Amino acid sequence: MSASYELRGNVAVITLDNPPVNGLGYATRVGITDGLARAIADPAVAAVVLTGAGKAFSGGADIREFGSPKAIAEPNLLSVILALEASNKPVVAAIHSVCMGGGLELALGCHYRVAAPGAQISFPEVKLGLIPGAGGTQRLPRVLGVETALNLIVSGETVKSELLAQLPGQKLFDKLIDGDLMAGALAFAAERAGEVAQGAPLPLVRNLKVAHPNADAYLQFVRNTVGAMSRNFPAPLQCVEAVAASLKLPFDAGMRKEREIFLALMMTPECKAMRHVFMAERATSKIPDVPADTPTRAVAKVAVIGAGTMGGGIAMNFLNAGVPVVMLEMKPEALDKGVATIRRNYEAQVRKGKLKQDKLDARMGLLATTLSYADLADADLGVEAVFEDIAVKEQVFKQLDAVMKPGAILATNTSTLDVNRIAAFTKRPQDVIGTHFFSPANVMKLLEVVRGEKTAKDVLATVMQLGKKIKKTCVVSGVCDGFIGNRMIEQYSRQAGFLLEEGCTPEQVDKAVEKFGFAMGPFRMGDLAGNDVGWYIRKRRYVEKPNLRYSKTADLLCEMGRFGQKTGAGWYDYVPGKRDAIASQVVNDMIAKHRAALGITPRKISDDEIVHRLVWALVNEGAKIVEEGIALRASDIDMVYLTGYGFPLHRGGPMCYADTVGLFNVVQAMKRFQRNPHDDAAFWEPAPLLARLAAEGKTFS
């Protein structure tokens, strides 16, 4: 059983015990109902307290049972809640730490609720493309009022128990208990038992009235607001409809409406994508040959080599987490500029109310600077963030190898270079690892953790743990040119270039991709990142791969000095001080001239072709990366693209999207692209893994 039963005087205590967050799996549900039946049958029991062991009351559904028959086996959560409501003895939920999703629905099914301050209360189902499905949309408005309940349900955000307890007229908590929660809950339960013995009725949330003084006008306002904010996600608007049912329908009819909406959402591609992302994010930390209990190295101080844009952003991640940083540069003016940028970034957060002045001062107080490698000797981790040139990296790593203490981890922030070659510059390749931060490093969630041939397991485990500490989504990659993300984006960018040669404009490509859901199209992205960065990489890459075809339009753009926003001109024109991308006649004329020189007659290209040539290029290269073992699993690729490249969340990442469309259909589209005389026919040969899965009717997942 995942729930224990004990008697405390005349009160039975049922304790959920299903680590880590007392998920409501099958065994836990059975434990609750069996414990309740035992308490009801025992004449010595006057009341029941329901609580959770460890660090949670309950976090809701047990994710380990997602999609399995156990998830819906009786007693399901609805049946458990009905059993609680039907108890003829008072049932008190003693809430602490975490009470979310199904855990909150469970508590709402109890007769009474007491809570410890600081308990995190939420319905996060909307973040999985769902609504609460066990009465949450019908019961929460009855205890918190329609507006507060709707805000909680639509946002999925967490609110502390003491804040909710302060709301006028709230009936969610009967009592907030400071000190020993169990002692307070037992005393409260005994009091209620005494009242029931005197004939007092047991209160049920379902019997409470729900009302709003301006219901129709309010609901229409919310529909308009939520609809505008959740364009690609059906769940938020359906949350509104479910809560509206609590106002308009009797309780049981409202429950039927909630269930109808819940089951319909379960079948939507958006919900499937978001559930995939939920599981994929948790899978990134699972490394088959590095167990979860692998010992890690202590990292109490970090050295960052380079105070430029990347170095400063990387340093901020550690400062934010309370880790002291020493930042090294070769020239005082470069150090001063780097420190000033970090301070300016923090000051901007203070102005926006996102950071308090004392926090700014504390973080800046953790930052030291130096012009000497000798001052890095006591650091536990050194992160190199210098120019993307192997000769420069060699100089840095030979210096780090000479001065840093034994056991220190040496990390390179390279985005494309060979981590094994960089490790070979040292006498301790087992301590070398790639940490590819994405720009801006203090904002972007993704951290590609590149495992070298000789990287020690404890080094990998340490960096993965540290990545979590600095709030990154860490994805392990093997060593290859560009790792996961940039190796795939090369093919995406090649297709974008071919589309220009065949008749598209940059703005047409970007609009099609952004309509699909990308944060920005390839040409706006190039202007933001700096077109010279890709130019530098192409100069190296295409010397090494002289037979690889690509469009020269990006090179011609850079030869014009149009490097993007930083120069005020790139694929687009920019007004000084603004970031609005303005279509450039100069660029379109350059493309037309280049097209004519190649003898290509422009053709009309549909948005569908634009999107799928770009996305299937990602998928085909991604399939090769999985088969080669560069990525541990296809879902890791999805996490790279969702957190590092702006792939639309509601589509679940490129590999998930391919599964949704059907891999057979993906292969058929690639065969059509193969017949395009201006494209790279060899690239569109389906990757062996993709071809095999499509032939067998299987998916990447």
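The values are calculated or read from the model by the stated rules, or taken from the named source; none is laboratory data. These numbers come from a predicted model, not from an experiment. Note that we place each Cβ from the backbone using ideal geometry, even for glycine, and neighbour counts take in every protein chain shown. Note: accessible area is taken over every heavy atom of the protein model, side chains too, but ligands, DNA and RNA are not part of it. Shrake-Rupley method; radii C 1.70, N 1.55, O 1.52, S 1.80 Å.
Summary table below
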item: V302 vs. criteria touching a Lys or Arg at 6+ places or on another chain (Cβ under 6 Å), modelled with pLDDT of 95 or more and of a type in the set (A, V, I, L, M); result: no
item: Options A244, A273; residue that is touching a helix residue (DSSP H, G or I) at 6+ places or on another chain (Cβ under 6 Å) and under 30 Å from H96 (Cα atoms); result: A244
item: Close pairs from the range 599-611: first open to solvent by 60 Å² or more (accessible area, probe 1.4 Å), partner among the hydrophobic types (A, V, I, L, M, F, W, C) and part of a loop (DSSP other than H, G, I, E, B), Cβ under 9 Å, at least 6 apart; result: P602/C504
item: Check on I40, in contact with an Asp or Glu (Cβ under 8 Å, 6 or more places away or on another chain), surrounded by 14 or more Cβ atoms within 10 Å (Cβ to Cβ), modelled with pLDDT of 95 or more and of a type outside the set (K, R); result: no
item: In the range 267-306, residue least open to solvent (accessible area, probe 1.4 Å) [restricted to those that are farther than 30 Å from A340 by Cβ, more than 24 Å from the chain's Cα centre (by Cα) and not acidic (D, E)]; result: T294
item: Per-region count, the range 114-127, residues open to solvent by less than 10 Å² (accessible area, probe 1.4 Å) and either of a type in the set (K, R) or in a loop (DSSP other than H, G, I, E, B) (or both); result: 2
item: Odd one out for E685, checked against (1) open to solvent by 60 Å² or more (accessible area, probe 1.4 Å); (2) part of a helix (DSSP H, G or I); result: (2)
item: Tally of residues being assigned to a helix (DSSP H, G or I) and over 25 Å from M274 (Cα atoms) across the range 211-244; result: 7
item: Any pair with Cβ under 6 angstrom, 6 or more apart, that starts in the range 1-25 at a residue that is within 12 Å of S58 (Cα to Cα) and ends at one that is in a strand (DSSP E or B) and open to solvent by 70 Å² or more (accessible area, probe 1.4 Å); result: none
item: Of residues in the range 168-191 being in a loop (DSSP other than H, G, I, E, B) and open to solvent by less than 60 Å² (accessible area, probe 1.4 Å), the one modelled with the lowest pLDDT; result: Q170
item: Answer from L319, L376, L328, L355 - the residue that is crowded, with 17+ Cβ neighbours inside 10 Å, touching a residue at least 12 places away in the same chain (Cβ under 8 Å) and within 29 Å of the chain's Cα centre (by Cα); result: L319
item: Candidates V205, V196, V226, filtered to the one that is hydrophobic (A, V, I, L, M, F, W, C) and under 30 Å from F518 (Cα atoms); result: V226
item: Only listed residue being buried (at least 18 other Cβ atoms within 10 Å of the Cβ), of a type in the set (K, R) and over 15 Å from H650 (Cβ atoms), chosen from K209, K257, K248; result: K257
